[in-house]
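Structure, as structure tokens:
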Amino acid sequence: MSNDTYAIGRVPHTGRFLANAGLWLIQIAAAGLILMAAVSKLTSAEQAVNTFAQLGLGQWFRFAVGIVEVAGAVLLLVPAFARIAALMLAPVLIGAAFTHLAIIGGSPAQP
């Protein structure tokens with residue numbers, strides 16, 4: 001019996017598998033949340049329209065942000081493009097946080 005043989009039912013590298021599964025769950029959750037935010041922008045949800053009107057950037061910017069969010073959410077789920085997606089989404093998410101804190105005021109979690 002060699003060292004490469006495993007007992008029945010034993011999964012090799014369980015720690016690595018769990019870490020990888022955990023990272024995938026985080027990526028899927030992040031992509032889902034970003035996609036939900038993008039859909040509200042692209043479907044002209046009242047809150048999204050009012051927010052971008054308050055910013056004075058025009059509704060074209062709402063659509064541009066929504067498209068970038070959709071592309072980023074999809075690419076986040078493709079391993080070869082996950083890093084590019086993260087780099088693409090980072091300025092959008094940082095800009096959204098800054099906008100809520102400095103310009104709009106209040107918590108973005110409260111309507």
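The values are calculated or read from the model by the stated rules, or taken from the named source; none is laboratory data. Please read all numbers here as calculations on a predicted model, not as lab measurements. Quick reminder, even Gly has a Cβ in these numbers, built from the backbone with ideal geometry, and neighbours come from all protein chains shown.
Annotation note: Cβ proximity below 6 Å between a residue of the range 73-100 that is surrounded by 11 or more Cβ atoms within 10 Å (Cβ to Cβ) and a residue that is of a type in the set (Phe, Trp, Tyr) (sequence gap 6+ or interchain) occurs for LEU75/PHE81.
Does at least one position in the range 24-42 carry a residue that is modelled with pLDDT under 90 and hydroxyl-bearing (Ser, Thr, Tyr)? Checking the range 24-42: not a single residue is modelled with pLDDT under 90 and hydroxyl-bearing (Ser, Thr, Tyr).
Within the range 59-72, the set of residues being exposed (fewer than 14 other Cβ atoms within 10 Å of the Cβ) and either at pLDDT 95 or above or over 15 Å from ALA37 (Cα atoms) (or both) comprises GLN59, TRP60, ILE67.
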